[in-house]
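Nothing in this text is a laboratory measurement; each read-out follows from the coordinates by a stated rule. Since we're looking at a predicted model, the values are computed, not measured. Neighbour counts run over all protein chains shown; Cβ positions are idealised from the backbone, glycine included.
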């Protein structure tokens, strides 16, 4: 996990947009026109340069999408009380 170096606020527009402050974009390597990965957790969202995420995961664009979509669709089947019961003694 990275070292926290700052915190700022932003306002979400009616289109769901926010502006990343210039000083934070420069520190984190975001440049105009760059693609970003938006990573969601149950309690927060992370924005990361997409190239950085690809390098860390060693996935193609399609691989990242497939992994995320597969996890979401499989969670509907696997994250159930019945599945938990079936696997609890293994």
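Descriptive notes on the structure:
- Residue 79/residue 39 FRET efficiency (R0 25 Å; Cβ-Cβ; nearest 0.05): 0.85
- Between residue 55 and residue 3, the simple spin-label model (points 7 angstrom out along Cα→Cβ) gives 1.9 nm.
- Normalised by residue count, the stretch 1-58 yields a Cα convex hull volume of 122 Å³ per residue.
- Protection proxy ranking, peptides 9-15, 36-42, 48-54, 19-25, average beta carbon neighbours within 10 Å, highest first: 48-54, 19-25, 36-42, 9-15
- Extension gain, residue 46-residue 88: 0.36 nm per intervening residue step, less the Cα-Cα distance, totals 11.9 nm.
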